[in-house]
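Input: a single structure, listed below in structure tokens.
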Amino acid sequence: MLRRSLLRGLPGLGALPGLRAGRAAAAPAPAMGPLRFSWPTNAGPLHPHLYAPNQMYAQAMLYEPLVRYVEGGGVAPALATAWRAEEGGRAYVFSLRPGVRFSDGTPFDAAAVVANLRALLENRARHAWLELVAQIAGVEALDAGTVRLALHGPYYPTLMELALIRPLRFASPAALRPDGTLAAPIGTGPWALAETRPGQHDLFRRREDYWGPRPALQAVQVKVLADANTRALALESGEIDLAYGTDQLDADSFRRFAGDRRFTTAISPPLATRLMAMNSARFPTDDLAVRQAIAQGIDRAALVRHVLLDTEPAAETLFAENFPYTRLGLRAPAHDRAAAAARLEQAGWHLPPGGRVRQKEGRELALDLCFVGSDALQKSLAEAVQGDLARLGIAARLRGEDSASYLGRQKSGEFGLIFTDSWGAPYDPHAFLGSMRQPAHADYQAQRGLPMKAEIDRRIGAVLVSTEEAARAEEYRWLLTTLHEQAVYFPISFLTNKLVYRAGLGTVPFGGTRYEIPFDQILPRG
């Protein structure tokens, strides 16, 4: 994604490791012992078609797509070696890679693709957020090595959505039960799950019979460490070898490791957008003037400088401008507390004599600011935002809750402000916008009170099946401009992955997307 270098002046910060687009035909690297990694939860049941509690990094280790996303917005061969569109984009024919087997020995062939896609389509409603699932009319095996995917109509993001980590990847037909459940997590990827101990660890072993270049690592042990501070201590003590991800370490810990010669650190190019969604259907953020005042009254630059410690660049828009159809010249209002306060005054929100919280018609300007209570970074950002809003006369009640309660608020709309983020490549902008039509998503709830919500949803549906490039660009312009003007989102920063590892480990690259951790590409030193 964006090729901006971050923290160039930070001592000890290594150059960004290169990204590898596809699987080069190269001899396997010398074997390395097990890597000790960590994650806040266990990997989950690892069904390739399903969502939480399945962890995406682990699904990507076991399961592979027909085509693989490559940096810059393209796709490359994966389990399919070639493909062609037919009937003006109403169908795609895929030639499958020969000689591939699942980790249980079952051949990967056209019958396996058909079995997986039919199982997925039996539960189509579960995947309503992804337009491609709705667009699939059928799938058939033309022969053992060829599959034809039929669509209801042309759908321009078809290949991009086939590259997603879930739900369009493939489990062994021998493990797929008739009801769509999975007997065991069996994929074609370079890793196999060897052991899982709830609350303790998951162990992934290298597949010696993998069809592509074997990983240099023999195994990856993923310890369950619930919070960033514990993870930093484990890295410091040598209990784990690597920390990798968006918020797996807090900014203070990352800066400390960057200055420690025993460790190698790096920051990826920006991958997605860190946001707060404002609820247009709930008092008091149902008032456009309130949302606009919040957008103007929060000091974004201070959040990036003092909380994120410049590990992420400031964001002014829902998507970075290097994503397709997003270079529109939109800009966030400059931070101006006096102007924000004047906007509230003009809208009838006044401070009572001696009071600190504005009122209008006897109701206080107070809202719930929701975040994951165990997320130290979200908590710090929430406290800083609370302070900025208090200076405007807005009372923000901090609601730090467990993940399940937090997700429940996203689905129910019981929030004034709530932390969220875009999904990055290859989801943004099309798939992220497509999900805005689903009531279970925070974006739908945040937009529900907009007078043009029905028009937003209609235009999202239209843009996803459009065949005219100029018309598609114009639809995206209207959608992104409308959401920007309605101040439904407060963009904070562009998310980056950070990695820290002991200097003797070797070479650790970044994955091609935010959710992939390229354990198979880690190489020994030299």
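Things worth noting here:
- Residues within region 466-506 that are in contact with a Lys or Arg (Cβ under 6 Å, 6 or more places away or on another chain) and part of a strand (DSSP E or B), tallied: 3
- Residue within region 358-370 that is farther than 27 Å from LEU433 by Cα and touching a Leu at 6+ places or on another chain (Cβ under 6 Å) present: yes
- Considering residues of region 78-91 that are touching a Pro at 6+ places or on another chain (Cβ under 9 Å) and of a type in the set (Gly, Ala, Ser) only, the residue surrounded by the fewest Cβ atoms within 10 Å (Cβ to Cβ): GLY88
- Among the residues making up region 232-244, those that are surrounded by fewer than 20 Cβ atoms within 10 Å (Cβ to Cβ) and not hydrophobic (A, V, I, L, M, F, W, C) are GLU236, SER237, GLY238, GLU239.
- Summed over region 148-160, residues that are within 14 Å of LEU121 (Cβ to Cβ), touching a helix residue (DSSP H, G or I) at 6+ places or on another chain (Cβ under 6 Å) and buried (at least 20 other Cβ atoms within 10 Å of the Cβ) total 1.
- Scanning region 49-77 for residues that are crowded, with 22+ Cβ neighbours inside 10 Å, hydrophobic (A, V, I, L, M, F, W, C) and part of a loop (DSSP other than H, G, I, E, B) yields one hit, LEU66.
- In the condition set (1) surrounded by fewer than 22 Cβ atoms within 10 Å (Cβ to Cβ); (2) in contact with a Lys or Arg (Cβ under 8 Å, 6 or more places away or on another chain), PHE108 is compliant with all but (1).
- Neighbours by Cβ (under 6 Å, 6+ apart or cross-chain): first from region 287-307, more than 17 Å from THR317 (Cα to Cα); second part of a helix (DSSP H, G or I): ALA289/ARG343; VAL307/SER380; VAL307/LEU381; VAL307/ALA384
- Among the residues of region 277-300, the ones that are under 16 Å from ASP388 (Cα atoms) and within 24 Å of the chain's Cα centre (by Cα) come to 3 in all.
- Top-ranked residue in region 324-383 [being more than 30 Å from GLU469 (Cβ to Cβ) and aromatic (Phe, Trp, Tyr); ranked as farthest from the chain's Cα centre (by Cα)]: TRP349
- Among (1) touching a Leu at 6+ places or on another chain (Cβ under 7 Å); (2) surrounded by 19 or more Cβ atoms within 10 Å (Cβ to Cβ); (3) of a type in the set (Gly, Ala, Ser) - the single one ALA163 does not satisfy: (1)
- Taken over region 466-489, the criterion of being surrounded by fewer than 20 Cβ atoms within 10 Å (Cβ to Cβ) and aromatic (Phe, Trp, Tyr) is satisfied by TRP478 alone.
- In region 335-379, the residue that is nearest to ASP310 (Cα to Cα) out of those that are touching a helix residue (DSSP H, G or I) at 6+ places or on another chain (Cβ under 9 Å) and modelled with pLDDT under 95 is LEU377.
- Residues considered: ARG459, ARG448, ARG525, ARG477. Of these, the only one that is in contact with a helix residue (DSSP H, G or I) (Cβ under 8 Å, 6 or more places away or on another chain) and of a type in the set (Lys, Arg) is ARG459.
- Test result for ALA184, in contact (Cβ under 8 Å) with a residue 12 or more places away in the chain, of a type in the set (Gly, Ala, Ser) and crowded, with 22+ Cβ neighbours inside 10 Å: no
- Region 274-314, residues that are crowded, with 20+ Cβ neighbours inside 10 Å and among the small types (Gly, Ala, Ser): ALA277, SER280, ALA293, ALA295, GLY297
The values are calculated or read from the model by the stated rules, or taken from the named source; none is laboratory data. Quick caveat: nothing in here was measured; it's all calculated off a predicted structure. No Cβ is skipped: glycine too gets one built from the backbone with ideal geometry, and neighbour counts run over all protein chains shown.
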